[in-house]
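Structure record follows, encoded as structure tokens.
The values are calculated or read from the model by the stated rules, or taken from the named source; none is laboratory data. Just so you know, these numbers come straight off a predicted model, no measurement behind them. Every residue, glycine as well, gets a Cβ built from its backbone with ideal geometry; the counts of neighbours run over all protein chains shown.
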Amino acid sequence: MVDVVKDATAKAKLMTREYTGEDSPWLTKGDAFRHIMWNYILCKYASEVNRDIDESVNFVKLFTDAHEKNPSNAPTYAEKLADHQMDYHNNVIGRDLFVSYASYYRPHFLALKQVSCQAEKNVADIVWWSKLMSGNPAKRTTKEEILQVSRTIPVYIKDVNNVQDAD
């Protein structure tokens, strides 16, 4: 599964650059996009190995939750809490998208079941254009505020270069 993680991470970073034009500053809409896509792609790639939707989602949840326990580079404790909650929140959206698009199929009656789901590009278009750019992503600044947001709405904390916009 090490290759799955490396490949999914690289693909999510590449797609973030394609959609945002940069590596996506920390805590921005691009950061939210990267986390959503990272979890979707991880689930997709894991399902290609284990051929099971639930096992893939459980593996990705364990892995990404452990990753988020690493120290944040946020300057204050409150920002660290908000950063972690933002990432957990957007990770869930990526896994939920995978579950909503994944299904089982058998290429022929003697074959083992396999998992089919939407291509990364299709999901990226939905996430970027429908959820982050024309939808209503939630701009929040504290862990408590993030916890109040629906699991279907991406969360971000700040705009690029700290430019403020209205909610």
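Annotations
- All conditions but one from (1) touching a residue at least 24 places away in the same chain (Cβ under 8 Å); (2) over 14 Å from LYS131 (Cβ atoms) apply to TYR40; the one that does not is (2).
- Qualifying residue in region 2-9 (condition: over 23 Å from TYR104 (Cβ atoms) and not in a helix (DSSP H, G or I)): no
- The one condition from (1) hydroxyl-bearing (Ser, Thr, Tyr); (2) farther than 18 Å from CYS43 by Cα; (3) surrounded by fewer than 12 Cβ atoms within 10 Å (Cβ to Cβ) that TYR105 does not meet is (2).
- Taking region 67-167 and the helices (runs of 4 or more DSSP H) fully enclosed by it, the elements with 1 or more residues that are touching a Ser or Thr at 6+ places or on another chain (Cβ under 6 Å), within 20 Å of THR28 (Cβ to Cβ) and of a type outside the set (A, V, I, L, M) are at 77-101.
- Checking region 67-87 against the condition returns no match, with no residue being among the basic types (Lys, Arg), surrounded by fewer than 23 Cβ atoms within 10 Å (Cβ to Cβ), touching a Lys or Arg at 6+ places or on another chain (Cβ under 7 Å) and without any contact (Cβ under 8 Å) to a residue 40 or more places away in the chain.
- ILE41 vs. criteria more than 16 Å from PHE59 (Cβ to Cβ), at pLDDT 95 or above and assigned to a helix (DSSP H, G or I): no
- Cβ-Cβ distances below 6 Å connect the following pairs, each with a first residue in region 1-14 that is among the small types (Gly, Ala, Ser), a second residue that is surrounded by 13 or more Cβ atoms within 10 Å (Cβ to Cβ) and assigned to a helix (DSSP H, G or I), and a separation of six or more residues or different chains: ALA8/ILE41; ALA8/LEU42; ALA8/TYR45; ALA12/ARG34; ALA12/MET37; ALA12/TRP38; ALA12/ILE41.
- Residue list for region 97-122, filter: within 23 Å of the chain's Cα centre (by Cα) and aromatic (Phe, Trp, Tyr): PHE98, TYR101, TYR104
- Filtered by the rule that a residue be more than 14 Å from HIS35 (Cα to Cα) and surrounded by 21 or more Cβ atoms within 10 Å (Cβ to Cβ), region 1-20 gives a lone residue, VAL4.
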